[in-house]
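A quick write-up on the structure given underneath.
No value in this document is a laboratory result; all are computed from the given coordinates. The model shown is predicted, which means the values in this text are computed figures rather than measured ones. Please note: Cβ atoms are built from the backbone with ideal geometry, for glycine as well, and neighbour counts cover all protein chains shown.
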Amino acid sequence: MSTSTARRWALRGTATAVAVVVAAGTIAAAHTIGTTVTPGHPAGRTVTPVPAAAERVCAGSALRLSDDAGNDATRASAVGSPEIASATTGTGVERSRLEGSNTGGSEPTLLTAPAGDTAPQVAGSSVQSVSDGDLVGTGAASCEDPSQSTWLLGGSTETGRTSLVTLANPTDVNATVDLAIADAEGTVSAPGTTGIVVAPNSQKVVPLAGFVTDQGATVVHVTSTGGQIVAHMQETVVRTLTPGGFDIVSGGAAPARTQVIPAVVLDDAEGAQRGEDTADAAPVLRLYVPGDRTARVTLGITTADGGGTTVDATAEPGIVTDVPLDDFPDGRYSFTITSTVPIVAAARTTTPTEDGRTDLGWFASAEPLGDTTTTAVAAGSGARLNLVNPTREDATVTIASGDDAQQVAVASGATATVRVPSTQQLTITGAAGLVAGVSYQGDDGIAGFPVRPATEVSSPMRVYP
């Protein structure tokens, strides 16, 4: 096993290994010399896991299915490069690239915060504005923890739509990946969706059209064994002959009866639907029920100025449901979805850009933050941080960058939208239970990503024989 593998798995494996050794040693000693422990009070000791390096993977560059000359449509090629911002509670962040495979790659960036006396946190985000032939628009994504389960709500395989699932394996062992795909007709059964091998320290790109044809609404559940995976999806739209946008889909929160999408931009949605081939330019809430019972859903929509409304909907199990979101004024919104059964959710909006073009934005649901969250916002047009308070208590959140800090009051059930410094490390405190996301809005398009909570770090534990 290499040094990096040992370091990566030290945090996860140490507690278990020590437990086995301690248990075995205690039992052996009891057989050999007896025990002095008072009956009814089993022997034990406190074990502190060895600190390990922290890692997150950023999505990488925009992709097109061809090379620079327009040839080899089976291989994805990187176009341009994103702006990346990173942050850590440790001494620094190291950046490296993950290699592509025979299917190409987006050149994802691996962020690593070396371990010190304690396990550090690392975080980051990326944003890219691209204009290269039919590939035009703005995409943004959070840099992610490697995981064995990721829900990607987005994508389309209709004519002119290209959806690519990117699978990055930052570990030193093979990852075997399964894709559970659903569309508006139900679960997709297609060869090649299971047993996808992603080599260590590399990325594989999987075109969704290889499994699903002519479907405008898709959901992909990515699971892995062996090495853990960071999964994103890239969607590109061409409306007849006009570029219609580009975005990166970040993983959403796991199935739950409450989902919060903290940062959604609506910008002239009516104007985006003018012209040919614009049926999918309408704003929608995408829902999927992974169970076997129908979901009765209430969508609460709020803005930072206190405005809001509700929308009721129904989602059948096992099929992808797009709920239209018409007639809403321009603004930055948060969506809170409550359901009678666990669901997953995301939102898509579209905005007009230059020369009769449009750009789409996918906005993922987010997990609640902890007491302290470290993050960084990549520099892009109109970047804003949205804070949503789904708890029953009012909150006062402090956002610190270096010696500067601002306090933001977020009442129970309310949303706050604030400007924050880009490319700088941000420390968010007082936001336990709140949900946060970043949105971009400018002449080049719209985009957004969820702010990830701190990575869970193993704490000292009591081990008994």
*Arranged from highest to lowest average of other beta-carbon atoms within 10 Å per residue, in what order do the peptides 359-367, 309-317 appear?*
359-367, 309-317
*Just how large is the dipole of the chain about the Cα centre, in debye to the nearest 20, putting +1 at every Lys and Arg Cβ and -1 at every Asp and Glu Cβ?*
1940 debye
*Where only alpha carbons of the range 50-125 are counted, the Rg and the Dmax (Å)*: 15.6, 51
*Using per-residue counts of other Cβ atoms within 10 Å, averaged over each peptide, order 81-91, 159-169, 270-280 from highest down.*
159-169, 81-91, 270-280
*Within 10 Å, count the other beta carbons around each residue, average over each peptide in 180-188, 335-343, and list them highest first.*
335-343, 180-188
*Computed [θ] at 222 nm, helices only, for the chain once each DSSP H run of length n ≥ 4 contributes -39500 (n - 2.57)*: -2500 deg cm²/dmol
*Would you mind giving the average projected area, over all directions, of the Cα convex hull of the chain in nm² with one decimal?*
24.9 nm²
*Which length gain, in nm to one decimal place, applies between Q406 and D305 when the Cα-Cα distance is subtracted from 0.36 nm times their residue separation?*
34.5 nm
*How would you rank T138, T375, going from fewest to most other Cβ atoms within 10 Å of each one's own Cβ?*
T375, T138
*Sites matching trypsin sites (Lys or Arg not before Pro) across the range 327-413 that sit in DSSP coil, with at most 12 neighbouring C-beta atoms within 10 Å*: R392
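Viscosity 0.890 mPa s, temperature 25 °C: what is the translational diffusion coefficient of the range 224-338 from Stokes-Einstein with a Kirkwood Rh over Cα pairs, rounded to a whole number of µm²/s? Walk me through the numbers on the way to the answer.
Working: Rh = 16.3 Å.
The Stokes-Einstein estimate is 151 µm²/s.
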